[in-house]
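Visitor: Once you've had a glance at the structure underneath, I'll fire off some questions.
The values are calculated or read from the model by the stated rules, or taken from the named source; none is laboratory data. Just so it is clear, the structure is predicted and the values come from calculations on it, not from any experiment. Here the Cβ positions follow ideal geometry from the backbone for every residue, glycine too, while neighbour counts run over all protein chains shown. Protein only, heavy atoms only, side chains kept; ligands, DNA and RNA dropped before computing areas. Shrake-Rupley method; radii C 1.70, N 1.55, O 1.52, S 1.80 Å.
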Amino acid sequence: QPEFQVARVMDASGAEIMELTGEDGSRVPVSIEAGEVSPYFVHAVVSSEDPTFYENPGLNPLSIARAFVQNLRSGTIESGASSITQQIARELVLGGDRAQTAQRKATEIAIALEIADQYSKNQVLDIYINEFPFGNQTFGVEAASQLYFDIPAADLNMVQAALLVGILPQPSTWNPVQDREKAFEAMDVVIARMMEKGCLNFQHGEWLNASPFCINLNTID
């Protein structure tokens, strides 16, 4: 639970003149269940970062098995196979410890399983989309959406959502302010992953126990 400090300067009528943030940056928490996040962004995050998120127990056993084989062949820890829940465990619980050792990876997996046991899928996603950086001193999708597009996260379209998710792996360098070309390349990769995944069975809003949310050629058109 990072302590973000944001001060807003208002004029006499109550209109905001400017926003001042502390050294930690800007962050505006939003809730998926409250409908404050575009379904395109949820789809982009899950498709790109953890395609089996809604079905897995906090980690992807197949990805871990694949990574284990790769690591066994190389003799070192080369592949991490981190799910969304594992990323939360590593970055927010273990303080970003990326030591490539079997013991640290086992700790990360144990914490991820505990997180998955204690929180619902929507709560886990809320943690992920609100706490992770998007470059230029922004944390969370709402602050990023406001900075890059001047719209709330609920109004993101598919392309905008894909661009923001493309920033996540390298927020300090893959954002459109620092490197527009790299940001667009990452966006294209996310869109391709969304197309590959196709449909997701969301666990919130109008999609709960109803039709899945799908991305296809008609969506792009």
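Visitor: Please turn the phi angles of the range 197-205 into ³J(HN,Hα) values with the Karplus equation 6.51 cos²θ - 1.76 cosθ + 1.60 (θ = phi - 60°), one per residue in order, whole Hz, x for glycine and proline.
Guide: 3J(HN,Hα) across the range 197-205, in whole Hz: 5, x, 10, 10, 8, 4, 10, 8, x.
Visitor: With θ set to phi - 60°, apply the Karplus curve 6.51 cos²θ - 1.76 cosθ + 1.60 along the range 121-134 and write out the HN-Hα couplings as whole Hz, x wherever there is a Gly or Pro.
Guide: In residue order, the calculated couplings are 4, 5, 5, 4, 4, 4, 4, 5, 7, 9, 9, 8, x, 10 Hz.
Visitor: Nearest 0.05, what FRET efficiency do residue 184 and residue 54 give at R0 = 25 Å with Cβ-Cβ as r?
Guide: Calculated value: 0.30.
Visitor: Then there is this: Tell me, what is the FRET efficiency for residue 13 and residue 208 to the nearest 0.05, using R0 = 35 angstrom and their Cβ-Cβ distance as r?
Guide: FRET efficiency, residue 13 to residue 208: 0.30.
Visitor: How large, in percent, is the carbon and sulfur part of the accessible surface of the range 175-221 at a probe radius of 1.4 Å?
Guide: Whole-percent figure for carbon plus sulfur exposure: 46.
Visitor: Count charges around residue 90 for me, please; just the other residues with Cβ under 10 Å from its Cβ, Lys/Arg as +1, Asp/Glu as -1.
Guide: Residues near residue 90 contribute 0 overall.
Visitor: Over the range 117-221, calculate the relative contact order: mean separation of alpha carbon pairs under 8 Å at least 6 apart, over the residue count, as a percent.
Guide: 18
Visitor: Another question about this same structure. Using a 1.4 Å probe and counting only protein heavy atoms, arrange 206, 131, 108 so the residue with the most accessible area comes first.
Guide: Accessible-area ranking of 206, 131, 108, largest first: 206, 131, 108.
Visitor: In addition: Summing +1 for each Lys or Arg and -1 for each Asp or Glu, what net charge is found among the other residues whose Cβ lies under 13 Å from the Cβ of residue 201?
Guide: 0
Visitor: Which value in nm describes the separation of the simple spin-label points at residue 123 and residue 146, placed 7 Å from the Cα toward the beta carbon?
Guide: About 2.6 nm separates the two model spin labels.
Visitor: Which FRET efficiency, nearest 0.05, do residue 177 and residue 98 yield, Cβ-Cβ r, R0 35 Å?
Guide: Result of the calculation: an efficiency of 0.90.
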